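K.L.:
Once you've had a glance at the structure underneath, I'll fire off some questions.
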Amino acid sequence: MSSALPPLTALRAFDAAARHMSFAKAADELHVTPAALSFQIKSLEEHLGRPLFHRLNRAVELTEAGRALAPGAAEGFATLQAAWQATRRQGNDTSLTVTAGPALTAKWLAPRLYDFARSHPEIDLKFSATLRIVDLERDDVDVAIRFGYGPDEGMYSVPVRKEWLTPVMTPELAEQFPTVESLKDAPLIHDDSIAFLRPRCDWPTWFRAVGVEFTPEHGARFSNADHAIDAAVAGVGVVLGRRAMILKDMTEGRLVAPFKVAIETRGRFRFLCLPGAENRPQIAAFRDWFVAEIEKTAHISDEFKIIPVEDIPTS
């Protein structure tokens, strides 16, 4: 048995077959015929001197040798793919792929992207609106914008301003519920996308911040912040909205914040990319634009009494 590595094409055929547990599906993935794939695996087995698969009537199973090889083969090809993607991105100064949550994309990024595109027509910007955890080393993504605390170990991270929350509603509802006491009778909307924040940033916390003990027992609940805010815009009720998510609807008059008291969480949005990638022209341009856009609306915070959630007594 030779100690030299076998041909890469044979290892690739084995990796695909081991993942699919099917020669036919592996052949489809690699765009080769089943016979060609079977030949590659057979040559790998000859190189090893032992079978890697048990060939059954309509299926295959890994042998002991196959089970030993499969994890390393999968990891090796994943590492190679990541290196290839990283190398390709280093040579590309015109495309930029950004991932951000659906709510931030809909309520904050999308309305502002025209300005960025107009200022940087040379950049081909692509967006992936998802909260799925991405691996910037392996996925075809350059920048991630995420909300929370971190930590962002191993990443280049630029945190922006802390987020605060305040009740917002349509002007019509604001006339019906003009005081904090009357707000207790309003239809309250719950944004469950921030349930992970500690201390909690929910209705009972906001009411305590204004000196009222009240825990709503009812109200529509939404798992996405943008859906909760859209419900408020439609007049369904009052939502405890995050600064970044409500600014556009507030500035355009669809929502108002009549009570001018906000609770501030330590959670914030962060601009993330791989260390060193922040120097690539398109990433640096997007970072600078993102931070500048956040700062453009910083003055709105001056209109509110902002209370850090850590300073609010618990019930």
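The values are calculated or read from the model by the stated rules, or taken from the named source; none is laboratory data. As the structure is a computational prediction, the values presented were derived from the model and not from experiment. Here Cβ is always computed from backbone atoms with ideal geometry, including for glycine, and neighbour counts include all displayed protein chains.
K.L.:
Here are A65, A82: which of them is closer than 30 Å to F290 by Cα and among the aliphatic types (A, V, I, L, M)?
P.N.:
Numbers: A65 fails: closer than 30 Å to F290 by Cα.
From the options A65, A82, the qualifying one is A82.
K.L.:
Cβ-Cβ under 6 Å, sequence separation 6+ or interchain: first residue in segment 106-120 and of a type outside the set (V, I, T), partner in a helix (DSSP H, G or I). Which pairs?
P.N.:
Hits for this filter: A106/D226; K107/D226; K107/M245; W108/A244; P111/K248; R112/E293; F116/W289; H120/A285.
K.L.:
Name the residue that is modelled with the lowest pLDDT, counting only residues in segment 101-115 that are among the aliphatic types (A, V, I, L, M) and under 15 Å from W289 (Cβ atoms).
P.N.:
Within segment 101-115, the subset among the aliphatic types (A, V, I, L, M) is 103-104, 106, 109-110, 113.
Narrowing the set further to residues that are under 15 Å from W289 (Cβ atoms) leaves 104, 109-110, 113.
Working: L104: 95, L109: 93, A110: 91, L113: 88.
Once the filter is applied, the top-ranked residue is L113.
K.L.:
Is it the case that segment 241-249 has a residue that's closer than 30 Å to E213 by Cα, touching a Cys at 6+ places or on another chain (Cβ under 9 Å), surrounded by fewer than 22 Cβ atoms within 10 Å (Cβ to Cβ) and assigned by TED's automatic domain parsing to the domain that holds P216? Lay out the reasoning, then the answer.
P.N.:
Of all residues in segment 241-249, those closer than 30 Å to E213 by Cα come to 241-247, 249.
The next check asks that each one be touching a Cys at 6+ places or on another chain (Cβ under 9 Å); those that pass are 242.
With the extra rule that they be surrounded by fewer than 22 Cβ atoms within 10 Å (Cβ to Cβ), the set shrinks to none.
No; the residues of segment 241-249 include none that is closer than 30 Å to E213 by Cα, touching a Cys at 6+ places or on another chain (Cβ under 9 Å), surrounded by fewer than 22 Cβ atoms within 10 Å (Cβ to Cβ) and assigned by TED's automatic domain parsing to the domain that holds P216.
K.L.:
Another question, if that's okay. Condition check: closer than 30 Å to S95 by Cβ and either outside any helix (DSSP H, G or I) or out of contact with any His (no Cβ under 6 Å at 6 or more places or on another chain) (or both). Does A244 satisfy that? Break it down into steps so the answer makes sense when it comes.
P.N.:
Numbers: closer than 30 Å to S95 by Cβ: yes; either outside any helix (DSSP H, G or I) or out of contact with any His (no Cβ under 6 Å at 6 or more places or on another chain) (or both): yes.
It is true that A244 is closer than 30 Å to S95 by Cβ and either outside any helix (DSSP H, G or I) or out of contact with any His (no Cβ under 6 Å at 6 or more places or on another chain) (or both).
K.L.:
In the list V134, V158, which residue meets the criterion of being in a strand (DSSP E or B) and surrounded by fewer than 20 Cβ atoms within 10 Å (Cβ to Cβ)? Explain how you work it out, then say what you get.
P.N.:
Working: V134 fails: in a strand (DSSP E or B).
So the residue among V134, V158 that is in a strand (DSSP E or B) and surrounded by fewer than 20 Cβ atoms within 10 Å (Cβ to Cβ) is V158.
K.L.:
Which pairs turn up if I take residues in segment 171-192 that are more than 14 Å from W206 (Cβ to Cβ) and small (G, A, S) and look for partners that are in a helix (DSSP H, G or I) and at pLDDT 95 or above with beta carbon separation below 9 Å, at least 6 apart in sequence or on another chain?
P.N.:
Hits for this filter: S182/Q176.
K.L.:
Among the residues of segment 264-294, which ones are without any contact (Cβ under 8 Å) to a residue 60 or more places away in the chain and under 25 Å from M245 (Cβ atoms)?
P.N.:
Residues of segment 264-294 without any contact (Cβ under 8 Å) to a residue 60 or more places away in the chain: 279, 284, 288, 292.
D288, A292, listed by residue number.
K.L.:
Next question, about the same structure. Of all residues in segment 2-35, which are of a type outside the set (S, T, Y), in contact with a helix residue (DSSP H, G or I) (Cβ under 7 Å, 6 or more places away or on another chain) and over 15 Å from A73 (Cβ atoms)?
P.N.:
F23, A24, A27, P34
K.L.:
Kindly indicate whether any position in segment 260-269 is modelled with pLDDT of 95 or more and in a loop (DSSP other than H, G, I, E, B).
P.N.:
The answer is yes; a qualifying residue exists.
K.L.:
Let me ask another. Could you grab me the full set of residues in segment 18-39 that are under 39 Å from the mean Cα position of the chain (by Cα), assigned to a helix (DSSP H, G or I), under 21 Å from E64 (Cβ atoms) and touching a residue at least 12 places away in the same chain (Cβ under 8 Å)? First the steps, then the outcome.
P.N.:
From segment 18-39, those under 39 Å from the mean Cα position of the chain (by Cα) are 18-34, 37; that's our starting set.
Imposing the further condition that a residue be assigned to a helix (DSSP H, G or I) reduces the set to 18-20, 23-30, 34, 37.
With the extra rule that they be under 21 Å from E64 (Cβ atoms), the set shrinks to 18-20, 23, 26.
Within segment 18-39, A18, R19, F23, A26 qualify.
K.L.:
So which residues in segment 147-184 are among the aromatic types (F, W, Y) and touching a Phe, Trp or Tyr at 6+ places or on another chain (Cβ under 6 Å), if there are any at all? Talk me through it step by step, then tell me what you get.
P.N.:
Filtering segment 147-184 down to residues among the aromatic types (F, W, Y) leaves 147, 149, 156, 164, 177.
Residue satisfying the conditions is F147 alone.
To keep it simple, each residue is scored yes or no on (1) under 30 Å from F286 (Cα atoms); (2) of a type in the set (V, I, T); (3) in a helix (DSSP H, G or I).
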site: A4; (1), (2), (3): no, no, no
site: A16; (1), (2), (3): no, no, yes
site: I41; (1), (2), (3): no, yes, yes
site: H54; (1), (2), (3): no, no, no
site: E75; (1), (2), (3): no, no, yes
site: A106; (1), (2), (3): yes, no, yes
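K.L.:
Tell me whether segment 53-61 contains one or more residues that are farther than 21 Å from D139 by Cα and surrounded by 14 or more Cβ atoms within 10 Å (Cβ to Cβ). Walk me through how you get there before you give the answer.
P.N.:
Initial filter on segment 53-61 (farther than 21 Å from D139 by Cα): 53-61.
Checking which are surrounded by 14 or more Cβ atoms within 10 Å (Cβ to Cβ) leaves us with 53, 60.
Scanning segment 53-61, I find at least one residue that is farther than 21 Å from D139 by Cα and surrounded by 14 or more Cβ atoms within 10 Å (Cβ to Cβ), so the answer is yes.
K.L.:
Considering only segment 291-300, I want to know if a residue exists there that is under 18 Å from D191 (Cα atoms), hydrophobic (A, V, I, L, M, F, W, C) and in contact with a Lys or Arg (Cβ under 9 Å, 6 or more places away or on another chain).
P.N.:
Keep residues of segment 291-300 that are under 18 Å from D191 (Cα atoms), which gives none.
Within segment 291-300 (the criterion being under 18 Å from D191 (Cα atoms), hydrophobic (A, V, I, L, M, F, W, C) and in contact with a Lys or Arg (Cβ under 9 Å, 6 or more places away or on another chain)), the answer is no, since none of the residues qualifies.
K.L.:
Go through segment 200-226 and count every residue that is assigned to a helix (DSSP H, G or I) and surrounded by 18 or more Cβ atoms within 10 Å (Cβ to Cβ).
P.N.:
Within segment 200-226, the subset assigned to a helix (DSSP H, G or I) is 203-209, 225-226.
Remaining after also requiring surrounded by 18 or more Cβ atoms within 10 Å (Cβ to Cβ): 203, 205-209, 225-226.
Summing the residues that are assigned to a helix (DSSP H, G or I) and surrounded by 18 or more Cβ atoms within 10 Å (Cβ to Cβ) in segment 200-226 gives 8.
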